[in-house]
Structure formats: structure tokens, C-alpha cells
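Note sheet for the following structure.
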Amino acid sequence: MVVCVLIPRFQLTVAAGDREELLGQPAALAPEAGREQRVGEVSLAAEAFGVRAGMPLGEALARCPQLALVPPDPAGVADAWERLIVRLESIGAAVEPERAGLACFEAQGLVRLHGGTLDHVLAAARTALRTPARLGAGPSRFCALAAATRARA
């Protein structure tokens with residue numbers, strides 16, 4: 001059984017840092033300097049205005065003039081993501097990171113270590129992460145990701 005760990009808006013959350021109030025209003029990761037002018041991850045409030053990740057900056061601002069642009073923090077994201085991967089590895093998981101905010105691992109070998117059921121493995125992963133995350137399990141990565149996408153943090 002494959003377990004998928006999904007932390008929605010991970011890059012935006014890290015970039016916002018101590019300014020958590022930004023996540024409750026329309027906000028998006030600003031385009032990186034020297035790159036295509038498209039917004040990165042967006043808050044739920046921005047999604048309500050029709051703003052989506054990857055949308056051209058001008059279109060995003062036209063849909064939501066009050067959109068707060070959060071400067072990206074690639075180094076901070078990499079550091080925070082590495083810490084979470086290490087936490088998952090601490091339960092014995094052989095973690096395969098897909099991207100910042102999304103990782104998978106095989107649960108089969110961990111079941112005996114954590115109480116004999118998949119639920120115990122999921123509980124151990126949730127405890128190790130110490131941050132809200134969506135966890136899903138399935139026979140393949142696709143199924144596990146689908147389950148994690150529908151799960152509640």
C-alpha cells in the first residue's frame with residue numbers, strides 16, 4: 001500500500017512565514033525575478049475570485065485587484081520541506097518526495113512497526129509531521145494521491 005502525504009499550498013505558507021493572516025485573504029506567490037510572469041500557489045480566498053496557480057500575473061490581478069503578492073522563498077521552502085521529509089523518515093518510511101508539499105512512501109514494511117494496521121502507520125506519520133497534512137493510501141501512487149486530495153488535514 002502506498003501512502004501519499006499532501007500539504008496544500010506548502011510554498012505559499014512557507015513564503016508567508018509569520019504573516020499567517022495573508023492566507024485568509026486573496027494571496028498568491030509572486031512570479032520569481034527573471035522568470036515568466038505567472039503567479040505561483042494561491043490562497044483559497046484567491047481561488048474564490050478565479051485566480052489559479054500558473055495564471056498570468058496580469059490576468060490574476062484583473063480577476064482580483066486586491067490580490068496580495070507574496071515573494072517566493074525557494075530556500076525557505078527547500079529547508080522546511082527537508083525537515084518534514086526527515087520527520088517522515090524518522091518513522092521508518094523510505095520517502096520519495098515528488099515536489100515540495102507532496103511525498104509518497106510504501107507502508108507495507110511499516111505496518112508491523114506501528115501497531116499492525118495501516119491506520120497506525122498513518123497516525124505515526126501525522127504525529128511525526130507535526131503540521132496539518134492530508135494523508136491518503138492506495139494500491140498505487142495515483143490512488144494514494146487521489147485519496148490524499150480528498151482527505152481532510
Computed on Cα atoms, Rg of the chain relative to 2.2 N^0.38 Å comes out at 1.14
Under the helix-only model (-39500 (n - 2.57) for each DSSP H run of 4 or more, divided by the residues of the chain), the mean residue ellipticity at 222 nm, to 500 deg cm²/dmol, is -10500 deg cm²/dmol
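Rounded to the nearest 5, what % of the DSSP beta bridges within the chain are antiparallel ones?
In the chain, approximately 85 percent of DSSP beta bridges are antiparallel ones.
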In a Gaussian network model of the chain with springs linking alpha carbons closer than 10 Å, the residue among 16, 133, 53 that fluctuates most is 53
Ranked by GNM mean-square fluctuation in the chain (Cα springs under 10 Å), the top entry among 122, 61, 22 is 61
Distance in nm between residue 82 and residue 66 label points, each 7 Å along Cα→Cβ, equals 3.9
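FYI, it's all coordinate maths here, none of it is from the lab. Here the structure is a predicted model, which is why all the values come from computation and not from measurement. Note that we place each Cβ from the backbone using ideal geometry, even for glycine, and neighbour counts take in every protein chain shown.
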